[in-house]
């Protein structure tokens, strides 16, 4: 199962394909550090996650409840044939990320001609660092609907409010049909 960052990268690539209209014209996107050491030919875009952190949740709370915000920096290595093409790929990457990311993201660092000196012999390199913040949510446990619940004040000691609360007790004999699922 791909990580949230890998899924986001695939969405960015798909957005670029939809804008350009031809997948052959979009630089291939790869995920993971291992691709940094393959010296094929430009253009290529490689997303490499960096160590991140956690913060208190951003924004208003929702259901399910946000319990943390995962801060995930990603180094986006852009290898192009020329410095102008590298700059264009970087701007396209940021634009597509803005279109598809449904959360906070921001470029935090730009480093031209960085990282891989071997790549520089065949083209131009940009390393763009983007901070992506992902919501960590409390997992919702599955529930079963209550389809039948006989309210009987003498047995339960409850007012028949129509709701089965977690502190309600069901008292009855064997064979009583208090709860069933469809």
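The values are calculated or read from the model by the stated rules, or taken from the named source; none is laboratory data. Small disclaimer: the values here were computed from a predicted structure and weren't measured. A quick note on method: Cβ atoms are made from the backbone with ideal geometry, for glycine too, and the neighbour counts reach across all protein chains shown.
Data for the structure
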item: Tally of residues being touching a helix residue (DSSP H, G or I) at 6+ places or on another chain (Cβ under 9 Å) and more than 17 Å from residue 104 (Cα to Cα) across the stretch 43-75; result: 6
item: Breaking point among (1) touching a strand residue (DSSP E or B) at 6+ places or on another chain (Cβ under 8 Å); (2) farther than 18 Å from residue 81 by Cβ, for residue 17; result: (1)
item: Subset of the stretch 19-42 [surrounded by fewer than 17 Cβ atoms within 10 Å (Cβ to Cβ), modelled with pLDDT under 90 and under 15 Å from residue 92 (Cβ atoms)]; result: 19, 20, 21, 22, 23, 25
item: Residue list for the stretch 1-42, filter: touching a residue at least 40 places away in the same chain (Cβ under 8 Å), closer than 20 Å to residue 100 by Cβ, in contact with a helix residue (DSSP H, G or I) (Cβ under 8 Å, 6 or more places away or on another chain) and part of a loop (DSSP other than H, G, I, E, B); result: 27
item: Meets criteria (in contact with a strand residue (DSSP E or B) (Cβ under 9 Å, 6 or more places away or on another chain) and either under 30 Å from residue 138 (Cβ atoms) or assigned to a strand (DSSP E or B) (or both)) for residue 89; result: no
